[in-house]
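First comes the structure, then the notes that go with it.
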Amino acid sequence: MKFDLTEIKHNNSTKKDIDFTIELEHINYNGDLIKVVTPANVIGVLYDLEGKTFFVADVKTKMRTKCSRCLKGIDFNYNTNVNIELIHEDNANEEKLNEDVYIYNDIIINLDEIVEEAIITNIPMKILCTNDCRGLCTQCGKNLNDGACNCELTESDIETEGIDPRLLKLKQFFKNE
């Protein structure tokens, strides 16, 4: 959605209610493709306060991806917030770049870009099918949520289960003390 900032900057109205949807097919998130099942619904407000312009909104959609532990396909409801200051490039300085800002160069801004960036930056690092997901067996790859597997774990497997292989030498170092 494109919005002309002159509506709130140069008129008597300092506030504009916003309600629109964005059609996104999928999001590439750290190499994983997350399918956006429903259009992202955006409800918010653009307002001017003491010469500064802000965009605040709630974003809701439904996404489809795989569980980070067991790789089962899941749909999940996704909600996030946008709270950003809009700054013209002539007024941007180094201090402002560390905050949540959107720098624009034209009086007409694209709110879709702002919302899409907010969606991507707020996706959880690990998306789980359930909070107590048990994941996959490290030996045979069976989904442990469906039941135990028949793998015979050796004593060293049990001692190192869940430990990053790069840190095994460190565990052996402390074992000798």
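The values are calculated or read from the model by the stated rules, or taken from the named source; none is laboratory data. As the structure is a computational prediction, the values presented were derived from the model and not from experiment. For neighbour counting, all protein chains shown are included, and Cβ atoms are generated from backbone atoms with ideal geometry for every residue, glycine included.
Quick rundown of the values:
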{"quantity": "Condition check for K60: under 21 Å from the mean Cα position of the chain (by Cα), without any contact (Cβ under 8 Å) to a residue 24 or more places away in the chain and either surrounded by 15 or more Cβ atoms within 10 Å (Cβ to Cβ) or assigned to a strand (DSSP E or B) (or both)", "calculated": "yes"}
{"quantity": "Test result for I87, in the same structural domain as V56 (by TED's automatic domain parsing), assigned to a strand (DSSP E or B) and farther than 27 Å from D19 by Cα", "calculated": "no"}
{"quantity": "Residue in region 82-102 that is under 16 Å from the mean Cα position of the chain (by Cα), within 19 Å of C129 (Cα to Cα) and exposed (fewer than 13 other Cβ atoms within 10 Å of the Cβ) present", "calculated": "no"}
{"quantity": "Residue list for region 93-138, filter: modelled with pLDDT under 90, of a type in the set (S, T, Y) and not in a helix (DSSP H, G or I)", "calculated": "Y102, Y104, T138"}
{"quantity": "Neighbours by Cβ (under 8 Å, 6+ apart or cross-chain): first from region 25-54, under 16 Å from I74 (Cα atoms); second hydroxyl-bearing (S, T, Y) and assigned to a strand (DSSP E or B)", "calculated": "D32/T65; L33/T65; I34/T65; K35/T65; V36/T61; V37/T61; T38/T61"}
